[in-house]
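Asker: I'd like to ask some things about the structure below.
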Amino acid sequence: MMGAPEDPKVRPKRISIVTHAYNEEGNIEALYLAVHAIMQNYPQYLYEHIFIDNHSTDSTVAILKQIAEKDRRVKIIVNARNFGHIRSPIHALFQATGDCVIGLASDFQEPPALIPEMIAAWEEGYLMVLCVKRSSEEPGLMYWLRKQYYRMVERLSSVETIQNFTGFGLYDRRVVDIVRSFNDPYPYFRGIIAEISLPKKLLYFDQPVRKRGITKNNWYILYDIALLGIVSTSKVPLRFATISGFIGAALSFAVGFIYLLLKIIFWQRFTVGVAPMLIGMFFMFSVECVFLGLIGEYVGAIYTRVQQRPYAIEQERINFQYGFEETEQTRPLSETPGTGAYLA
């Protein structure tokens, strides 16, 4: 018995791949070619590759424009200024229109080779396919600090978080719409994914070193991400500050009472001295500064949310006028990266 004929009206599934870039002239072309080579093995899907450039000062945008001129599947957003490591990527995520979205870094520390496994898991029915670092070739101290941070966030968070997950993965359209509904102007994406908790599959990988160039994540950026993760997922630090205040008050009362008794009993011989008073005063002042700064982080998060500023202001966007069906490449590709003249 012959099977039913295929319905010509059923459209192919669409996959959006989103890449954030800042001064990545050494990697951007090779990444495009790597993704293109992989997606050539999936003719049953339509795909787009969205690059968002966070106001690069090198030739990243020029290279992307050369690519986009020949391949309409490549879409570009150029930011009017650098909008940071949080706002720019999430803006690009919300511009994707595919049935699923793959977030992929431009430095090859998130291997494009995992894309086939992500797609396979998505076809199995998983709404989220999360890529988790099993190990890393980055400097040992930095990797150790990251692991300790993830463990701390997991202990503090009210939801189950995923250690060594950085946001690299595949997300079904339903997940992207839920992330959008959070309406958070400065989102901690990893925490939101943990909060959603829809069916997910974890893919483990060994993180390679950056292929070319230098990392753009300085210590302040890492500090910002760390505090954002804590403030966004937990109220424990605020409760700890309150509890510490009660404990400090009780200890101060006890120490003061003991000093009073000693003074009464040994009136002539007992002297308090200046050193304990100064040490205690500076200690309490330091604790107050820490907790005041912590409270300020929560207040700052509220202020950011109240402002409701856009994620990014676009200077220009390229190829977004084309839909998935219209994004056929206009010239054959040469798989030799180099100067940017890689399209015949």
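The values are calculated or read from the model by the stated rules, or taken from the named source; none is laboratory data. The structure displayed is predicted, hence computed values, not measured ones. FYI the Cβ positions are ideal-geometry reconstructions off the backbone, even for glycines, and counts take in every protein chain you see. Protein only, heavy atoms only, side chains kept; ligands, DNA and RNA dropped before computing areas. Shrake-Rupley method; radii C 1.70, N 1.55, O 1.52, S 1.80 Å.
Asker: Quick one: Asp107 ticks every box in (1) closer than 20 Å to Gln207 by Cα; (2) crowded, with 18+ Cβ neighbours inside 10 Å; (3) modelled with pLDDT of 95 or more except a single one, so which number is it?
Answerer: Just one mismatch for Asp107, condition (3).
Asker: Still on this model: Tell me yes or no: at least one residue of the stretch 111-126 is surrounded by 20 or more Cβ atoms within 10 Å (Cβ to Cβ) and over 15 Å from Ile15 (Cβ atoms).
Answerer: No: the stretch 111-126 contains no residue that is surrounded by 20 or more Cβ atoms within 10 Å (Cβ to Cβ) and over 15 Å from Ile15 (Cβ atoms).
Asker: Would you call Met281 part of a helix (DSSP H, G or I), at pLDDT below 75 and farther than 21 Å from Gln148 by Cβ?
Answerer: Values: part of a helix (DSSP H, G or I): yes; at pLDDT below 75: no; farther than 21 Å from Gln148 by Cβ: yes.
So Met281 fails the test.
Asker: Please determine, by comparing only the residues of the stretch 8-24 that are at pLDDT below 90 and of a type in the set (D, E, K, R), which one is least open to solvent (accessible area, probe 1.4 Å).
Answerer: Within the stretch 8-24, the match that is least open to solvent (accessible area, probe 1.4 Å) is Arg11.
Asker: Just to check your reading of the model, which residue among Val153, Val132, Val101 is outside any helix (DSSP H, G or I) and at pLDDT below 95? Can you show your working first?
Answerer: Numbers: Val153 fails: outside any helix (DSSP H, G or I); Val101 fails: at pLDDT below 95.
When all the criteria are applied, what remains is Val132.
Per-residue answers, yes or no, for (1) closer than 30 Å to Arg11 by Cβ; (2) surrounded by 14 or more Cβ atoms within 10 Å (Cβ to Cβ):
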residue: Ser286; (1), (2): no, no
residue: Val290; (1), (2): no, no
residue: Gly293; (1), (2): no, no
residue: Ala301; (1), (2): no, yes
residue: Tyr311; (1), (2): yes, yes
residue: Asn319; (1), (2): yes, yes
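Asker: Which one of these is open to solvent by 50 Å² or more (accessible area, probe 1.4 Å) and of a type in the set (Ser, Thr, Tyr): Thr60, Thr97? Explain how you work it out, then say what you get.
Answerer: Numbers: Thr60 fails: open to solvent by 50 Å² or more (accessible area, probe 1.4 Å).
Selected residue: Thr97, the only one of Thr60, Thr97 that is open to solvent by 50 Å² or more (accessible area, probe 1.4 Å) and of a type in the set (Ser, Thr, Tyr).
Asker: Here is a further query. Are any residues in the stretch 178-205 among the charged types (D, E, K, R), at pLDDT 90 or above and farther than 16 Å from Val129 by Cα, and if so, which ones?
Answerer: Arg180 - this is the single residue of the stretch 178-205 that is among the charged types (D, E, K, R), at pLDDT 90 or above and farther than 16 Å from Val129 by Cα.
Asker: Does Arg81 satisfy the condition of being over 24 Å from Arg14 (Cβ atoms), basic (Lys, Arg), open to solvent by 10 Å² or more (accessible area, probe 1.4 Å) and at pLDDT 90 or above? Steps first, please.
Answerer: Numbers: over 24 Å from Arg14 (Cβ atoms): yes; basic (Lys, Arg): yes; open to solvent by 10 Å² or more (accessible area, probe 1.4 Å): yes; at pLDDT 90 or above: yes.
In short, yes.
Asker: Additional query: Output the number of residues of the stretch 25-39 satisfying the condition of being in a loop (DSSP other than H, G, I, E, B) and open to solvent by 10 Å² or more (accessible area, probe 1.4 Å). Please lay out each step first, then the result.
Answerer: As a first pass, look at the stretch 25-39 and keep what is in a loop (DSSP other than H, G, I, E, B): 25-27.
Filter once more, keeping what is open to solvent by 10 Å² or more (accessible area, probe 1.4 Å): 25-26.
The total comes to 2.
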